[in-house]
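Asks: Supplied in C-alpha cells, the structure appears directly below.
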Amino acid sequence: MSRAPLWRALAALAVIATSMVLAITSAPRLGLDLRGGTQLVFETKDAATVKADADATDRALDVLRRRADALGVVDPTLVRSGEKRIIVELPGLLDPQQAADVIGRTAQLAFHSVEGVAEQGDKNALPDEGGQLLKLGPVAISGDGVTDAAARSDPQLGPGWFVTVDFRDAGAWQKLTGQAACSPAGDPKRRVAIVLDKEIISSPQLDPSVPCNIGIPGGSTQITGSFTHEEARELSVLIKGGALPVPLELVEQRTVGPTLGADAIEASAKAAIAGLIMTTLFIVIVYRLVGLLAAIALACYGLISYAALVAMGATFTLPGLAGFVLAIGMAVDANVLVFERAREEYGQAPQRGLKSALALGFKNAWSAIADSNITTLIAAGLLFWLASGPVKGFGVTLGIGVLASLVSAMLITRVLTQLVIGRVKPRVSGLGSIGRVRTWLTERNPQLMAGRKLWLAIAGGLAVVALAGLFARGLNFGVEFTGGRVVEFATTKPIGADAAREAVAKAGFPQAVVQSSGDGVLVRAGQMGIADVAKIEAALEGQAGEVSKRRDEFIGPSLGEELRRNALIALAVAVAAQLAYLAFRFRWTFGTAAVLALLVDVSLVIGLFAWMGKPIDGVFLAAMLTVVGYSVNDKVVVFDRVRELWAVNRKAPLADAVNGAILQTMPRTVNTGIGALFILVALAVFGGDSLRDFAIALVTGVIVGTLSSSFVAGPLSIMLARFDRKPPPEPAKPRKARTREGTGAVL
C-alpha cells in the first residue's frame with residue numbers, strides 16, 4: 001500500500017498548524033492607507049560639492065531617521081528605494097506640511113561672526129530677526145559641530161521657549177564668542193548669527209560680562225527667538241538631526257486619515273466574507289460533497305496566505321487587501337479543474353471507481369494548473385518589480401495567494417477528498433456525472449469553429465469601437481501618471497458638484513477637477529500646494545459644514561512621467577513574457593493566438609474606461625496586469641486540452657480538436673469565471689471608489705477573457721496553423737508500472 005496519502009495528510013496538518021501559530025502570534029503590518037498617516041518620497045539632488053549617489057542617499061537617510069525619531073512618531077519606516085529615493089512613512093502624522101518641513105528640510109545650520117551692517121544691494125547679506133541687513137563672516141561652526149539640541153522653557157527667564165545647543169568642539173564656540181566680545185556693547189559686531197537654510201533665526205548680542213578673547217566656555221548656548229513650543233521642538237529636531245549631505249526634492253506625498261483606513265478594512269472584510277459565502281454556496285451546489293470539502297480547503301487557503309504574509313512582514317495595503325480577496329476566487333480554479341477532470345475519468349470508466357478517477361483528475365489536471373498559475377505569477381512579479389506604493393503590495397499579496405491556492409487545492413483538498421470519497425455514493429460525491437452543461441454540449445456538439453470568421457469579425461469590431469474611445473474621449477490619467485495633487489475631503493453636509501466647483505474656483509483653482517459624492521468632495525489639480533489645500537478646505541466649509549481631509553496625495557511631475565513610462569513597460573513586458581512562456585510550453589501558433597486575443601481583452605478594458613471617463617492610475621495598472629494573468633490562464637486550459645485531443649487523433653483537422661477542447665473545458669471556464677465574479681461583485685458593492693473601479697476593470701476582463709479564449713484565440717490558432725510546419729503532438733506514452741522485486745521482508 002502506498003504511503004503517499006499518509007505523508008500528504010501529515011504535510012497538510014503541519015502546514016495548517018504552522019499557519020495557525022503564525023496567524024495567532026504575529027500581528028499584521030498595516031500600510032498607511034489602512035492605519036492613517038503620511039508617506040513622503042524624497043529624491044536626492046546633486047549639490048555643488050557632493051554627487052547624489054547611493055552613498056550620499058544613505059547618509060541622508062541616516063539624517064532623516066534621526067529627525068523622525070526626534071519628532072516622536074511611533075514606529076516610523078524609512079528605506080532607500082533605488083539609488084536616489086528615500087521613502088518615509090510616518091504613522092499617525094496627518095499634517096503633510098509639518099512632515100515635509102521637518103523631515104525633508106535641507107537644514108544647513110551654521111554659526112557666523114557678524115562683520116557689521118550691510119549696504120543695500122549686498123547679495124551676500126542676510127536680514128536679521130528685525131529685518132536689518134547684516135554682513136556675515138565665514139562659517140565658524142557648521143551643523144556637524146553640534147552634538148545635541150533640545151527645546152526648553154524656564155519660568156525664571158520669562159514666558160516662551162528656547163533651544164539649547166551643545167557643541168562638539170567647545171573651543172570653537174569659545175573662540176567665536178571671544179572675538180565678538182572685543183567689540184563694544186551695542187555694536188553689531190558683538191553679535192553671533194545663527195543661520196538655518198540661509199535665514200538668520202537668531203543673532204543675539206553677547207552679554208557685557210563676556211570678556212574679549214576669552215568668550216563663553218563650556219561648549220553650549222541658547223537660541224532664543226520668541227519660539228512657541230512647536231517651533232522650538234521642530235528647530236531642535238533639525239539641529240540635532242544634522243545637515244543633509246545633499247538637497248532633497250519631495251516627489252511624492254500621500255496622507256490618509258485614520259477613518260478612511262478603518263472604512264477600507266471593514267469594506268474589504270465584508271467583501272471577503274460575502275464573496276467567500278457566495279463562492280462556497282456555488283461550488284457546493286455544483287460539486288456537492290467534494291465542493292464542500294473544497295470550501296473547507298478555501299478557508300485553509302485564507303489562513304495559509306494570511307500567515308505567510310504576516311510571517312514575511314509584508315505590509316497590508318488597500319490594493320493588497322483587494323488582491324487577498326480576489327485570490328479567493330482564483331483559488332477555486334484549481335479545484336474546478338481537478339473536479340471536472342475527475343468527472344471525465346469516471347464517466348469514461350465507471351468500473352475503476354471514484355478514488356481512481358479522483359487520483360487521475362489530480363494527475364491530469366496538474367499541467368493546466370501549473371501553466372495557468374505560472375502566468376498569474378508572472379503578472380504578480382511584474383507588479384512588484386515595476387509598480388510603486390500600495391500597488392506593489394497588491395503584487396505581493398497576489399503572488400502569495402497563488403502559491404497558497406496551490407497548497408490548498410493540490411494538498412488539502414486532495415487529503416480531504418481522499419478520506420471520504422470511497423465511502424459515499426457517486427451521486428452524493430459530485431463526481432458521478434459530467435454535469436448537465438457538459439452533457440448538453442456533448443449531445444448537441446455545436447460546431448463553434450465553423451463560424452470562426454464571424455467571431456473574429458465581431459471581436460475586431462468591438463476592439464475598434466473600444467479604441468475609438470481613446471481618440472474621442474482620451475484617457476483620464478490620474479495624478480499618479482501625470483503629476484499633481486488629489487485631495488479628498490469629508491463633509492458633514494452634502495454639497496453638489498456645481499457648488500463644490502464654485503467654492504474651489506473662489507479658492508483660486510477654476511481649472512481643478514472637482515467631484516462630489518454624498519459626504520465627500522474630491523479635488524484634483526496639477527499645481528496645488530499644501531497651503532492651497534487649506535484655502536480650498538476653508539472655502540468648502542462655507543457651504544458643506546465641517547470639512548476634514550480624508551486623503552491627500554501629491555505626485556511630482558518627474559515621478560508621474562516615470563510611473564506612466566513604467567506602466568507601459570509593465571504591460572509590454574507582461575504580454576512579451578506570456579508569449580514567450582506559451583511558445584515554450586505549447587507551440588508558437590498557440591502562443592501568438594493567445595497574445596493576440598489578450599490584446600483584444602486589454603483594448604476592450606482600456607476602451608471601456610476611456611468611454612466612461614474612469615481614472616487610469618496605479619490601481620488600474622494592477623487590474624490590467626491581473627486581467628492579463630487571468631486571460632492567459634484561461635487560454636492555457638483550452639490549449640492544454642487542444643494539445644491532448646489533437647495528439648489522440650493526429651489525422652483530424654485542428655479545427656475539430658479546438659472545437660472539442662472548447663466544449664470540454666467550457667464547464668470549467670464558466671464555473672471558474674462565476675467564482676471570480678462573486679468576489680469582484682462583492683468588492684464593487686462594499687469597496688470604495690478606487691476598489692469599485694478596480695472591480696469594474698476585472699469584471700470586464702474576466703468576461704471578455706473567458707469569451708476570447710473560445711471565440712478569438714481558438715479561431716486564430718486554426719488560421720495560424722497553416723504557417724506551422726511542426727507536426728501534431730505525439731500521444732502521451734503510458735507509464736510502465738514498476739514491479740517490486742522480492743517480498744519486501746527484512747530479516
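The values are calculated or read from the model by the stated rules, or taken from the named source; none is laboratory data. In this text, all values refer to a predicted model and were calculated from it rather than measured experimentally. Here the Cβ positions follow ideal geometry from the backbone for every residue, glycine too, while neighbour counts run over all protein chains shown. Protein only, heavy atoms only, side chains kept; ligands, DNA and RNA dropped before computing areas. Shrake-Rupley method; radii C 1.70, N 1.55, O 1.52, S 1.80 Å.
Asks: If I take every Cα pair under 8 Å that is 6 or more residues apart in the chain, average their sequence separation and divide by the length, what percent do I get for the relative contact order?
Replies: It rounds to 14 percent for the chain.
Asks: Once you've got the Cα coordinates, tell me which of LYS493/LYS535; LYS123/LYS175; LYS135/LYS175; LYS51/LYS123 are over 23 Å apart. Numbers along the way, then the final one.
Replies: Numbers: LYS493/LYS535 19 Å; LYS123/LYS175 27 Å; LYS135/LYS175 19 Å; LYS51/LYS123 27 Å.
Those over the limit are LYS123/LYS175; LYS51/LYS123.
Asks: Now for a different question. Using only alpha carbon pairs under 8 Å that are at least six residues apart, calculate the relative contact order of region 143-244 and give it in whole percent.
Replies: Numbers: 189 pairs, mean separation 39.4, N = 102.
Relative contact order of region 143-244: 39 percent.
Asks: Okay, moving on. With just the Cα atoms of region 251-317, tell me how far they stretch along each of the three principal axes, in Å, largest first.
Replies: 53, 25, 19
Asks: Would you compute, from DSSP H runs of 4+ residues alone, the mean residue ellipticity of the chain at 222 nm, taking -39500 (n - 2.57) per run and dividing by the full residue count, rounded to the nearest 500?
Replies: After summing the helix terms and dividing by residue count, I get -19500 deg cm²/dmol.
Asks: Give the long-range amide H neighbours of ILE223: residues separated by 5 or more places, or on another chain, with amide H under 5 Å away, using H modelled in the peptide plane at 1.01 Å from N.
Replies: Long-range HN contacts for ILE223: VAL163, THR164, VAL165.
Asks: Mind jotting down the distance between the C-alpha centroids of region 546-622 and region 16-53, whole Å?
Replies: 25
Asks: What angle do you read, to the nearest 10 degrees and between 0 and 90, between the alpha-carbon axis of helix 229-241 and the longest principal axis of the chain?
Replies: 80
Asks: Please report, as a whole percent, how much of the solvent-accessible surface of region 162-219 comes from carbon and sulfur atoms (probe radius 1.4 Å).
Replies: 53
Asks: Right, next: Under a Cβ-Cβ cut-off of 13 Å, what is the net charge of the residues other than VAL704 that fall near it, where Lys and Arg count +1 and Asp and Glu count -1?
Replies: -1
Asks: Tell me which trypsin sites (Lys or Arg not before Pro) from region 398-479 have a DSSP coil assignment and no more than 10 other beta carbons within 10 Å of their own. Spell out each step's value before the answer.
Replies: On the way: sites: ARG414, ARG423, ARG427, ARG436, ARG438, ARG444, ARG452, LYS453, ARG473; in loops: ARG473.
Answer in residue order: no site qualifies.
Asks: For LYS45, go through the aspartates and glutamates and keep the ones whose alpha-carbon is under 14 Å away, minus same-chain ones fewer than eight residues off.
Replies: The qualifying aspartates and glutamates are ASP53, ASP55, ASP58, GLU83, GLU249.
Asks: For region 486-634, which whole percent of the accessible surface, found with a 1.4 angstrom probe, sits on carbon and sulfur atoms?
Replies: Carbon-and-sulfur percentage of accessible area, whole number: 59.
Asks: Per residue, how much accessible area does the chain have with a 1.4 Å probe, in Å²?
Replies: Details: 33990 Å² over 747 residues.
Per residue, the chain has 45 Å² of solvent-accessible surface.
Asks: Give me the angle, in degrees from 0 to 90, between the Cα long axis of helix 497-506 and the longest principal axis of the Cα atoms of the chain, rounded to the nearest 10.
Replies: 30
Asks: What fraction, in whole percent, of alpha-carbon pairs in region 126-277 exceed 29 Å separation?
Replies: That tail contains 34 percent of the Cα-Cα pairs.
Asks: Using a 1.4 Å probe over the heavy atoms of the protein chains, calculate the carbon and sulfur portion of the accessible area of region 645-731 as a whole percent.
Replies: Answer for region 645-731 is 67 percent, counting heavy atoms of protein chains only.
Asks: Need one number: the % of Cα-Cα pairs in region 591-716 sitting beyond the 23 Å mark.
Replies: Value for region 591-716: 35 percent of Cα pairs lie more than 23 Å apart.
Asks: For region 597-671, what is the convex hull volume of the alpha-carbon atoms per residue, in Å³?
Replies: Spread over its residues, the Cα hull of region 597-671 gives 98 Å³ apiece.
Asks: Search the structure for amide H atoms under 5 Å from the amide H of ARG473, placed 1.01 Å from N in the peptide plane, and list their residues when 5 or more places away or on another chain.
Replies: Counting only residues 5 or more places away or on other chains, the set is empty.
Asks: Let me ask something additional. Please list 3J(HN,Hα) in residue order for region 379-385, calculated via the Karplus relation 6.51 cos²θ - 1.76 cosθ + 1.60 where θ = phi - 60°; whole Hz, with x for glycine and proline.
Replies: Each residue of region 379-385 in turn: 4, 5, x, 5, 4, 5, 6 Hz.
Asks: Which far-off residues, 5 or more places away or on another chain, put their amide H under 5 Å from the one on ARG551, with H placed in the peptide plane?
Replies: GLY257, GLU488
Asks: Could you give me D for region 331-451, from Stokes-Einstein at 4 °C and 1.567 mPa s, where the hydrodynamic radius is the Kirkwood radius over C-alpha pairs? Units µm² s⁻¹, please. Could you put the intermediate results ahead of the total?
Replies: Details: Rh = 16.3 Å.
Stokes-Einstein gives a translational diffusion coefficient of 79 µm²/s.
Asks: Quickly rank 124-137, 358-371, 286-299 as a protection proxy: mean count of other C-beta atoms within 10 Å, highest first. Spell out each step's value before the answer.
Replies: Numbers: 124-137: 14.7, 358-371: 20.1, 286-299: 21.6.
Taking the mean over residues of other Cβ atoms within 10 Å, the ranking is 286-299, 358-371, 124-137.
Asks: Could you work out how far helix 452-472 tilts from the main Cα principal axis of the chain, as a 0 to 90 degree angle to the nearest 10?
Replies: 10
Asks: If you don't mind, another one. Rg and Dmax in Å for region 498-537, alpha carbons only: what are they?
Replies: 9.4, 26
Asks: How are the alpha carbon pair distances in the chain distributed across 10 Å bins from zero to the largest one, expressed in percent?
Replies: 3, 12, 19, 19, 15, 12, 8, 6, 4, 2, 1, 0
Asks: With just the Cα atoms of region 479-609, tell me how far they stretch along each of the three principal axes, in Å, largest first.
Replies: So the extents along the principal axes, rounded to whole Å, are 66, 30, 21.
Asks: Which lysines, if any, have their Cα less than 22 Å from the Cα of LYS363, not counting same-chain residues under 8 positions apart?
Replies: Within reach: LYS355, LYS635, LYS733, LYS736.
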